[in-house]
Structure formats: C-alpha cells, structure tokens
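The values are calculated or read from the model by the stated rules, or taken from the named source; none is laboratory data. Remember, predicted model here, so these are calculated numbers, not experimental data. With ideal geometry, Cβ positions are generated from the backbone for all residues, glycine too; neighbour counts draw on all protein chains shown.
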Amino acid sequence: MEQRRCPNCSAGVSADADHCPECGTALRQEAARPGPPVMLLFSAIMLLVVVAIAVFVFSRGVPVADSEEIPYPGVPRIPVEQAKELFDAGEVLFVDTRQETSYEQAHIPGAVHLPKDSPREAYAALPRDVPIITYCT
C-alpha cells in the first residue's frame, strides 16, 4: 500500500487515510486532474461551438426593407450624416415625437418635444421657414 507523509508531523500515513494517526491532522485528498487528451478534446469542442455560433450569426444576413415596408413612403428621408450637418449649421429644426419619459432621458439639444398624440394645433405652430426633421427612436 502506498504511503505519504503528514504535513504537520511527518508521520507515515496510508494513501487512503483522512487523518494522521499520530497527530490527528486532517489530510487533503489529491484531486485527479484531467490529462492532456481530455483538455485537448474539451478545447476542440469549445472551438467548434464558437465556430458554429459565428457561422449562424453571420449567415443570417441583414434584412433590407422594401419601400412597401417603410411607413409613409412618400415622406422624404435624409441620411443621419446629412441631418447632423444641417444641425451643426443651425439650418434645421428637430422634432422629437417620443413619449415624455424617453424625451427626458435623452434628446437632441434644441429639439422640440411634440409627442405623436399632440393636438394638431401644436403641429400647426411649428415654423414653416425652416426644414423640420422628426425622429422617434
């Protein structure tokens, strides 16, 4: 039978003992570690899982909206970059149509808050001599 030494008193102790027979010190049992083949297999499986997830995510593609899917297709739209240029030049009025809580959390500086359920008179009061950009998200 294989023996080992007590870390406290150096007495000989059998390999399967939980306590030293001389001093009563509790002995740790050595935990078996997985060998290199097990770790290699685990690493290979994890790599395959990551690759499978990446293939799934990147193969889905980005849906492209048709003009029929866009609400109010007759309303002109401009790219964000152009809206930013107009904002920086002070040549446009932004109207935030979100609810009050969303507007209070964050909004474009200088934007007029006019939720979509506002009375028509509020919309009629908007200036007509400057381009208006509405946003809701």
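Below, the figures for the structure above:
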item: Which numbered condition PRO127 fails, given (1) in a loop (DSSP other than H, G, I, E, B); (2) more than 21 Å from GLU85 (Cβ to Cβ); result: (2)
item: Number of positions in region 48-81 that are part of a helix (DSSP H, G or I) and either at pLDDT 90 or above or under 13 Å from TYR135 (Cα atoms) (or both); result: 1
item: Single residue of region 82-120 satisfying the filter (over 16 Å from ILE133 (Cβ atoms) and among the charged types (D, E, K, R)) that is nearest to the chain's Cα centre (by Cα); result: GLU104
item: Failed condition for CYS136, given (1) at pLDDT below 90; (2) exposed (fewer than 10 other Cβ atoms within 10 Å of the Cβ); result: (2)
